[in-house]
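Student: Structure provided below as structure tokens; questions to follow.
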Amino acid sequence: MDGRAFRQSLGEFATGVAVITAQGSGEELIGMTMSSFNSVSMDPPLVLFSVDRRANSLPAMLEAKGFAVNVLAREQEQISNRFARALSDKWAEVKRTVGHAQAPLITGALAHFECAPYAHYDGGDHVIFVVRVLRHAVRAGNPAPLIFFRGRYRDLVDETEREPSWPLPMHY
């Protein structure tokens, strides 16, 4: 399979952007930008994300006692870019509070999910992390989300809420 064409096809699925954070066993802070975040189960409340096996922080992520999923707002594009880079000084000037197991909660995020490890699975060139949501919060004020589509950040053109014109399948 042509990897570039496969990636391009995957880019046709618009996603939100999240920064997954944790505290490593040596008390170092870990953070990485990703769009591979989604719900798994309502009972128990589970979500998942995946980490590239080549990621420098993978060993620390596998040992982490807790995670935070920080769903970014549109005005946090700079934070997304900062945490997408390997080995950069990611935490300089990033305002945060402390969540479950010392995982950083990025100030201003649209939503936070404080999570405990549940399971991880082989996902080819990635490790799939399934985590149990212990607490969650949503930012007040209805700010716009940070959206990634076709390899670029995008803005929503129409943010009005409306009912879908057909029933959407719910897989919870």
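The values are calculated or read from the model by the stated rules, or taken from the named source; none is laboratory data. Because the structure is a prediction, the values reported are computed rather than measured. Virtual Cβ from ideal backbone geometry, glycine too; neighbours counted across all protein chains shown. Areas reflect the complete protein model, heavy atoms only, side chains present, ligands, DNA and RNA absent. Shrake-Rupley method; radii C 1.70, N 1.55, O 1.52, S 1.80 Å.
Student: State, to one decimal in nm, how far the label point of Ser41 lies from the label point of Thr107, with both points 7 Å from Cα in the Cβ direction.
Tutor: Distance between label points: 3.7 nm.
Student: Could you let me know the centre-to-centre spacing of the range 52-70 and the range 99-124, using Cα atoms, in angstrom?
Tutor: Distance between centres, Cα-based: 9 Å.
Student: Pull up all non-local amide H partners of Leu105: gap of 5 or more, or a different chain, and H-to-H distance under 5 Å with H placed in the peptide plane.
Tutor: Answer set, sorted by chain and number: Thr97, Val98, Gly99.
Student: When the helix-only estimate is applied to the chain (DSSP H runs of n ≥ 4, each -39,500 (n - 2.57), divided by the residue count), what is the mean residue ellipticity at 222 nm, nearest 500 deg cm²/dmol?
Tutor: Calculated mean residue ellipticity at 222 nm is -3500 deg cm²/dmol.
Student: Summarise the accessible area of the range 1-148 (1.4 Å probe, protein heavy atoms) by the percent that is carbon and sulfur.
Tutor: Accessible surface attributable to carbon and sulfur in the range 1-148 totals 54 percent.
Student: Skip the ligands, DNA and RNA, and give the accessible area per residue of the chain with a 1.4 Å probe, whole Å².
Tutor: Ligands and nucleic acids excluded, the figure is 64 Å² per residue.
Student: Something else: Summing +1 for each Lys or Arg and -1 for each Asp or Glu, what net charge is found among the other residues whose Cβ lies under 14 Å from the Cβ of Gln78?
Tutor: Spelling it out: positives minus negatives among the neighbours equals +1.
Student: For a Förster distance of 22 Å, can you work out the FRET efficiency between the beta-carbons of Leu62 and Glu27, rounded to the nearest 0.05?
Tutor: The value I calculate is 0.85.
Student: Taking amide H positions as placed in the peptide plane 1.01 Å from N, state which residues far from Gly123 in sequence (5 or more) or on other chains have amide H under 5 Å from it.
Tutor: Ile128
Student: Could you work out the longest stretch of the chain that avoids the trypsin sites (Lys or Arg not before Pro) located in DSSP loops with at most 11 other Cβ atoms within 10 Å?
Tutor: That would be 96-149.
Student: Please give me, ordered by residue number, the chymotrypsin sites (Phe, Trp or Tyr not before Pro) of the range 9-49 that lie in loop per DSSP and have at most 12 other Cβ atoms within 10 Å.
Tutor: Phe13
Student: Report the full-extension gain for the segment Ala119 to Val138: residue separation times 0.36 nm, less the Cα-Cα distance, to one decimal in nm.
Tutor: Taking 0.36 nm per residue and subtracting the Cα distance, the gain is 4.3 nm.
Student: Taking 7 Å along the Cα-to-C-beta vector as the label spot, tell me the Arg53-Ala5 distance in nanometres, rounded to one decimal.
Tutor: Computed distance between label sites Arg53 and Ala5 equals 2.5 nm.
Student: What ³J(HN,Hα) values, in whole Hz, does the Karplus curve 6.51 cos²θ - 1.76 cosθ + 1.60 give for the range 79-84 when θ = phi - 60°, with x put for Gly and Pro?
Tutor: After applying 6.51 cos²θ - 1.76 cosθ + 1.60, I find 5, 4, 5, 4, 7, 7 Hz.
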